[in-house]
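Scroll down for the structure; my scribbles are underneath it.
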Amino acid sequence: MSQDWSVKKERSNPATLKLICWIALHTSRFFARFFLYPITFYFYLTSAQVRTASEHYLKRINGLTGNSWQVAKHIFYFSATILDRVYFLTDQFHRFDIKIHGIEHIETQQASGQGCILLGAHLGSFDLLRSLAIQNKMPFKILMYQDHNAMITQVFNSLNPELENSVINLANENAMLEMNECLNVGIMVGMLGDRYVKNDKRITCQLLGDDVEFPAGPLTLATITKAPVFFFCGVYCGKNKYEIYIEKIADGQKLARGERENYVKDTTQKYVSRIEYYLKKYPYNWFNFYDFWQDESNKNTY
């Protein structure tokens, strides 16, 4: 899997993002959504990488062909979740019809006093869950590289300063220690597990008919911290509708060193299988717009 996502430059600029935020906050969502059409058209015309990645991905979904209309719809869904991010970060949940499936898993886990790992993907809106956690006073931290897309992060954090306090920065040498401390006092730690960086250890998994490499790190952390793992996603269903899904995929348990490798491999595949399930159900919510399956890389080898 080509991981050029980590070195891609941000295509937006602070002035444009601030304008979008201003429009969203000072007009209606109905009016603000009209701007999604020229934005979609712009990215469709100017980014061959986005178009190609979307086309290759959509062809993997039964019933879809990856034609121009479907690619444009895919980009539109991504743009819609970015706009809605403004409303989530400013606690305007009344604008949306949000259904949560599996919240009882989190409530039971919180009652135990032990934290857990919430493992998501670039599938739908991560900020939906994060914002709901903050709004409902649920103890929550997110493990991420804070400097990636720093400009976008800075603009959105300005909408809700509490968000910056909810981040454990992976670039910090004490990140793992901070994460473990959080789990020990009952705090949930969220992270995305579908992208790796250059030197990460990887697990080969099956996703939509082909082998794809995923980082071993998230599930390795689970073996070290003995924390249970929950899969989650917050998918966009069109108009103002979102659905959040939370599923337990692994219990927290103490493992012998010789058992850890199989645990990480099997649980990573279980996580990937849940991604596949929801991609088939909500195909326009996949927001990895790069050569994820190496379709272009393999073509260039012939």
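Within the range 54-67, at least one residue is acidic (Asp, Glu) and over 17 Å from Ile244 (Cα atoms).
Asp84 meets the stated requirement of being under 27 Å from Glu164 (Cα atoms) and at pLDDT 95 or above. On inspection, Leu64 passes the criterion of being modelled with pLDDT of 95 or more and assigned to a loop (DSSP other than H, G, I, E, B). Being of a type in the set (D, E, K, R), free of Cβ contacts under 8 Å to residues at least 12 places away in the same chain and within 30 Å of Thr52 (Cα to Cα) is true for just one of Asp266, Asp295, Asp211. Which residue is that? Going through Asp266, Asp295, Asp211 in turn, just one is of a type in the set (D, E, K, R), free of Cβ contacts under 8 Å to residues at least 12 places away in the same chain and within 30 Å of Thr52 (Cα to Cα): Asp211. Out of the residues in the range 38-68 that are surrounded by fewer than 16 Cβ atoms within 10 Å (Cβ to Cβ) and polar (S, T, N, Q), state the one that is farthest from Trp286 (Cα to Cα). Here the answer is Thr46. Under the condition of being part of a loop (DSSP other than H, G, I, E, B) and closer than 19 Å to Ala111 by Cα, the residues counted in the range 216-255 number 6.
Scanning the range 68-90 turns up at least one residue that is more than 29 Å from Phe292 (Cα to Cα), in contact (Cβ under 8 Å) with a residue 40 or more places away in the chain and part of a loop (DSSP other than H, G, I, E, B). The requirement of being surrounded by fewer than 17 Cβ atoms within 10 Å (Cβ to Cβ), modelled with pLDDT of 80 or more and assigned to a loop (DSSP other than H, G, I, E, B) is satisfied by Gly186.
Among the residues of the range 28-53, the ones that are in contact (Cβ under 8 Å) with a residue 60 or more places away in the chain and closer than 27 Å to Phe96 by Cα come to 1 in all. Scanning the range 282-302 for residues that are surrounded by 13 or more Cβ atoms within 10 Å (Cβ to Cβ) and not aromatic (Phe, Trp, Tyr), we see that the one that is modelled with the lowest pLDDT is Glu296.
The values are calculated or read from the model by the stated rules, or taken from the named source; none is laboratory data. None of these values were measured; they are calculated from a predicted model. A quick note on method: Cβ atoms are made from the backbone with ideal geometry, for glycine too, and the neighbour counts reach across all protein chains shown.
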